[in-house]
Amino acid sequence: MFQSVDQVLTQHLDPGERLLWAGQPRGGLRLRPQDALLIPFSVMWGGFAIFWEYMALTQTSKAPGPIGVVFPLFGLPFVVIGLYLMVGRFFFDARLRARTFYGVTNERILIVSGVFSQQTKSLSLHTLADVSLSQRADGSGSIAFGPTHAMGAFFPAGSWPGAGRYMPPSFDLIERAKEVYDIIRGAQRGAAKA
């Protein structure tokens, strides 16, 4: 069943809490700056793994005993990882973004996401100190809430399962990022007065 962004976020609001902004990341398949390194790496990994598997299947099929079975089975996980790196991660990232919902309320930042199960992250505006904006020429961009881990720059959340732990919570690939940033800063000032 399809739910709008407002419907999803309203379920997570406390009594008296108001939704000031709601949105989602841009949809579809997206290339990111990290792909300049990840694509060549994934092609080398996947190419070698597929070559290994091909050689193992064609050359060891004549080998007696368990070698004819073990070598092809040994290479299979590397082929699966290679296919995920070359192609699958783009679809995983698109699916994750389609199931991600962002909200700014008068009290907190809300991020509801998850491919297999829904997870909710809530950040209080009272304690939120580090808010940074990255904006592109078309006005889209990302807003990060907290410092970025060194590994987070190389493996963004959608590129590899579990990579999200290296990234601060963020509103990723949103439209009119500066306007949303201003709403957050205004909400922070309002929360400080309350």
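The values are calculated or read from the model by the stated rules, or taken from the named source; none is laboratory data. Just so we're clear, the structure is a prediction, and the values are computed from it rather than from any experiment. Glycine gets a Cβ as well: all are built from the backbone with ideal geometry, and neighbour counts include every protein chain shown.
If you go through region 46-95 and keep only what is among the basic types (Lys, Arg) and more than 23 Å from Gln34 (Cβ to Cβ), you end up with just Lys62. For Gly16, the criteria (1) assigned to a loop (DSSP other than H, G, I, E, B); (2) closer than 30 Å to Asp93 by Cα hold in every case but one, which is (2). For region 135-194, the candidate set comprises residues that are in contact with a Pro (Cβ under 8 Å, 6 or more places away or on another chain) and modelled with pLDDT of 90 or more; within that set, the residue that is surrounded by the most Cβ atoms within 10 Å (Cβ to Cβ) is Asp172.
Scanning region 122-153 for residues being closer than 17 Å to Arg18 by Cα and within 15 Å of the chain's Cα centre (by Cα) gives a total of 0. The residues of region 73-109 that are within 24 Å of Ala177 (Cα to Cα) and among the small types (Gly, Ala, Ser), listed by number, are Ala94, Ala98, Gly103. In the condition set (1) out of contact with any Phe, Trp or Tyr (no Cβ under 9 Å at 6 or more places or on another chain); (2) at pLDDT 85 or above; (3) surrounded by 12 or more Cβ atoms within 10 Å (Cβ to Cβ), Ile67 is compliant with all but (2). Of the candidates Leu73, Leu9, the single residue that is modelled with pLDDT of 85 or more and surrounded by fewer than 18 Cβ atoms within 10 Å (Cβ to Cβ) is Leu73. There is at least one residue in region 97-113 that is of a type in the set (Gly, Ala, Ser) and modelled with pLDDT of 95 or more.
Quick one: count up the residues across region 19-59 that are within 20 Å of Phe91 (Cα to Cα) and touching a strand residue (DSSP E or B) at 6+ places or on another chain (Cβ under 8 Å). Of the residues in that region, 4 qualify. If the condition is being modelled with pLDDT of 85 or more and of a type in the set (Lys, Arg), then region 12-41 contributes Arg18, Arg26, Arg30. Residue count for region 99-129, restricted to those that are touching a residue at least 12 places away in the same chain (Cβ under 8 Å) and part of a strand (DSSP E or B): 16. The test for being polar (S, T, N, Q), assigned to a loop (DSSP other than H, G, I, E, B) and out of contact with any helix residue (DSSP H, G or I) (no Cβ under 8 Å at 6 or more places or on another chain) does not hold for Gln7.
Of Ala94, Ala98, which residue is exposed (fewer than 15 other Cβ atoms within 10 Å of the Cβ) and out of contact with any helix residue (DSSP H, G or I) (no Cβ under 9 Å at 6 or more places or on another chain)? Give the steps one after another, and end with the answer.
Details: Ala94 fails: exposed (fewer than 15 other Cβ atoms within 10 Å of the Cβ).
Within the list Ala94, Ala98, the selection yields Ala98.
Within region 23-72, being part of a helix (DSSP H, G or I) and among the small types (Gly, Ala, Ser) holds for Ala36, Ser42, Gly46, Gly47, Ala49, Ala56, Ser61, Gly68.
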